[in-house]
Amino acid sequence: MRSILLGLVFVAVSTVASADSKQQNRYIGIHPITKSEGGGMCYIEGPHVHTFEADKIQYRDHRGHHHFVGDPVAYGYDGPRHAYKGHHPIQVHVVVGSPDPDIQYCYLDGPHFHHFKPPEGPEFKVVGDAYFYVAEPPKVYLEARPAFIGINAVYRPLVYTRPVVTVDAPVGWIGARVEIGGPAVIVAPAAIVTTPGIRVQADVHIPMPSLQIGIGIGSPGVIVRDRPHGKYKKHKHRRRF
């Protein structure tokens, strides 16, 4: 009997030790659950822990906690949702109810959802039930853009009901005026660049030596193609005898 009791104690201690050995990762706010853990959404809004890790592109660090900044509808979220178009800031401290200011940025191109509204103010305009960011893009947004723009590759293959935004974008929309860094050449002064529901008049800059780029803002992506120019060499054909 004694040996049986000792065996049960050993199994219990081993189980606890095994559970404690898994790394606990801190989260705050709702977020997706990895497929390895069953998928779906975690609806806990306050600070909590999971044993799975968060990726570095759909989450931002908020005071040591992972905060999800992607589109929750893509992962089965069925709560209140609000449509946005293009890149925009997220006031994480307002979303999670924290007193410490923390502004992060969403780099999802085109129409997408979030479960929160932006704070009231002149930085956003509502057109066609969608939020458009119309303030001057800050330096921190531009500097972080190369590291986080890859989030669009994560969402591109996902199949879910995305918001449909067909209205004209308001004046000052970030998607129509964000600049792409690097040496550039003007190939079409005052060009008209269009995508369904959006008309934009602007100079088109193409980083050299590339001849075409995706604007990177809006959905579907706008492609600006350089027109071939210059003389073509004529090739003489020799007559065979």
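The values are calculated or read from the model by the stated rules, or taken from the named source; none is laboratory data. Worth saying up front: this structure is predicted, and the values here are computed from it rather than measured. Heads up, the Cβs are rebuilt from the backbone with ideal geometry, glycines too, and the neighbour counts pull from every protein chain shown.
What to note about this one:
- Residue among I44, I90, I57 that is free of Cβ contacts under 8 Å to residues at least 40 places away in the same chain, within 22 Å of A147 (Cα to Cα) and either among the β-branched types (V, I, T) or part of a helix (DSSP H, G or I) (or both): I90
- Just one residue in the set V95, V9, V73 is in a helix (DSSP H, G or I) and modelled with pLDDT under 95; that residue is V9.
- The one condition in (1) at positive phi; (2) free of Cβ contacts under 8 Å to residues at least 40 places away in the same chain that G110 fails to fulfil: (2)
- Entry remark, the range 76-87: residues being on the phi < 0 side of the Ramachandran plot and in a loop (DSSP other than H, G, I, E, B) number 6 in total.
- Lone unmet requirement of (1) surrounded by fewer than 13 Cβ atoms within 10 Å (Cβ to Cβ); (2) touching a Lys or Arg at 6+ places or on another chain (Cβ under 9 Å) for A74: (1)
- Hits in the range 121-162 - residues which are touching a residue at least 40 places away in the same chain (Cβ under 8 Å), in a loop (DSSP other than H, G, I, E, B) and over 19 Å from P89 (Cα atoms): L158, Y160, T161, R162
- Among all residues of the range 81-89, there is none that is aromatic (F, W, Y) and exposed (fewer than 14 other Cβ atoms within 10 Å of the Cβ).
- Where V171 falls short, out of the listed (1) within 19 Å of K56 (Cβ to Cβ); (2) of a type in the set (A, V, I, L, M, F, W, C); (3) surrounded by fewer than 20 Cβ atoms within 10 Å (Cβ to Cβ): (1)
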